[in-house]
Amino acid sequence: MRTTKIEWTERTWNPVTGCTKRSNGCKHCYAEAMARRLFAMGNYKYRNGFKNTIHPEALKEPLKWRKSSVVFVCSMGDLFHEDVPFEFVDEVMKVISKTPLHTYQILTKRAERMAEYFSSRTIPYNVWLGTTVEDISTKFRIDVLRPLSATVKFLSCEPLLCDLGTLDLKGIDWIIVGGESGPIARPMKEEWVLNIKRQAEDNAIPFFFKQWGTWSKDGIRGNKKKNGKLLQGKIIQQMPKMLYEDFLNTGKDQIENMNIRKLIGEATAYDKKQQLEIK
């Protein structure tokens, strides 16, 4: 069951909320703006606004989910923020290990701290680890992520702020790219996106183009929804191979239980030789 508008996942889980700015991609943080709105509405979970806060009460949530889901962990924060004790991260990992029916996507801008944590701990099989690479200054995070033995290692190039040039994608399993949205969003150029797409294809890495954001591919400011997610006239939202193989092995009558129908949606298949149509 999908409970979020984030297209590359099905639901979110926030045992940690709040963060502090780490790099250029944080400048217009969507989570910070949302946290402020929730605080103004009196939402108790955001009683501290966007200040880093751990929520032990949230640890029980995945234990109640009966249908398998792809779960974005800490969409409203960063699990590996410096103010989150490793002891609490341990508790999060215990819940993840107890719920193997779910796949957990952990995305951080603090790849070094994530690597430090897992240097002495085993990464659960149902965990995907990712880091944000939005400009040249953050490319080093790829090298930090690469040695980790996660089932899937992914990059989120969102918001993409410049041409990333040549990327060393050895050991990377998935790439997400998207433009920034919001009233003061920065534009993204089509050639920046195509550069990453080309390198993903050269390395047989699934490529997921999320959106243009506030600025269209023609450099015209407009509505995010109207600008859409077409890249060269196509929706390209590929998922990691393991999900694609699960889909093929399951059958269309069971797709909803395998989290694939809404994740793949209008997407192209991982396998370049075979297009997957879901009607």
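Of the residues in region 11-39, how many are in a helix (DSSP H, G or I) and of a type in the set (Phe, Trp, Tyr)?
The qualifying residues number 2.
Considering only residues that are more than 14 Å from Gln238 (Cα to Cα), in contact with a strand residue (DSSP E or B) (Cβ under 8 Å, 6 or more places away or on another chain) and not in a helix (DSSP H, G or I), which ones fall in region 187-206?
Pro187, Met188
Checking Gln105 against (1) of a type outside the set (A, V, I, L, M, F, W, C); (2) buried (at least 22 other Cβ atoms within 10 Å of the Cβ); (3) in contact with a Lys or Arg (Cβ under 8 Å, 6 or more places away or on another chain), which single condition isn't satisfied?
(3)
Only one of (1) surrounded by fewer than 17 Cβ atoms within 10 Å (Cβ to Cβ); (2) of a type in the set (Asp, Glu); (3) part of a loop (DSSP other than H, G, I, E, B) is not met by Glu134, so which one is it?
Condition (1) is where Glu134 drops out.
Among the residues of region 137-150, what is the count of those that are part of a loop (DSSP other than H, G, I, E, B) and farther than 13 Å from Phe118 by Cβ?
1
Lys153: modelled with pLDDT of 95 or more and either more than 23 Å from Lys197 (Cα to Cα) or surrounded by fewer than 20 Cβ atoms within 10 Å (Cβ to Cβ) (or both), yes or no?
no
Restricting attention to region 186-209, which residues are touching a residue at least 40 places away in the same chain (Cβ under 8 Å) and surrounded by 18 or more Cβ atoms within 10 Å (Cβ to Cβ)?
Arg186, Pro206, Phe208
When you look at Glu7, is it out of contact with any Pro (no Cβ under 6 Å at 6 or more places or on another chain), of a type in the set (Asp, Glu) and surrounded by fewer than 17 Cβ atoms within 10 Å (Cβ to Cβ), yes or no?
It is false that Glu7 is out of contact with any Pro (no Cβ under 6 Å at 6 or more places or on another chain), of a type in the set (Asp, Glu) and surrounded by fewer than 17 Cβ atoms within 10 Å (Cβ to Cβ).
Tell me, yes or no, whether region 214-235 has at least one residue that is in a strand (DSSP E or B), in contact (Cβ under 8 Å) with a residue 24 or more places away in the chain and closer than 16 Å to Cys162 by Cα.
Within region 214-235 (the criterion being in a strand (DSSP E or B), in contact (Cβ under 8 Å) with a residue 24 or more places away in the chain and closer than 16 Å to Cys162 by Cα), the answer is yes, since at least one residue qualifies.
So, in region 165-178, how many residues would count as being part of a loop (DSSP other than H, G, I, E, B), without any contact (Cβ under 8 Å) to a residue 40 or more places away in the chain and in contact with a strand residue (DSSP E or B) (Cβ under 7 Å, 6 or more places away or on another chain)?
Residues in region 165-178 being part of a loop (DSSP other than H, G, I, E, B), without any contact (Cβ under 8 Å) to a residue 40 or more places away in the chain and in contact with a strand residue (DSSP E or B) (Cβ under 7 Å, 6 or more places away or on another chain): 2 in total.
Looking at region 40-57, which of its residues are part of a helix (DSSP H, G or I) and surrounded by fewer than 17 Cβ atoms within 10 Å (Cβ to Cβ)?
Ala40, Tyr44, Lys45, Pro56, Glu57, listed by residue number.
Hey, can you tell me all the residues within region 27-81 that are of a type in the set (Ser, Thr, Tyr) and free of Cβ contacts under 8 Å to residues at least 12 places away in the same chain?
Matches in region 27-81: Tyr44 only.
The values are calculated or read from the model by the stated rules, or taken from the named source; none is laboratory data. Just so we're clear, the structure is a prediction, and the values are computed from it rather than from any experiment. Note: ideal-geometry Cβ built from the backbone for every residue, glycine included; neighbour counts use all protein chains shown.
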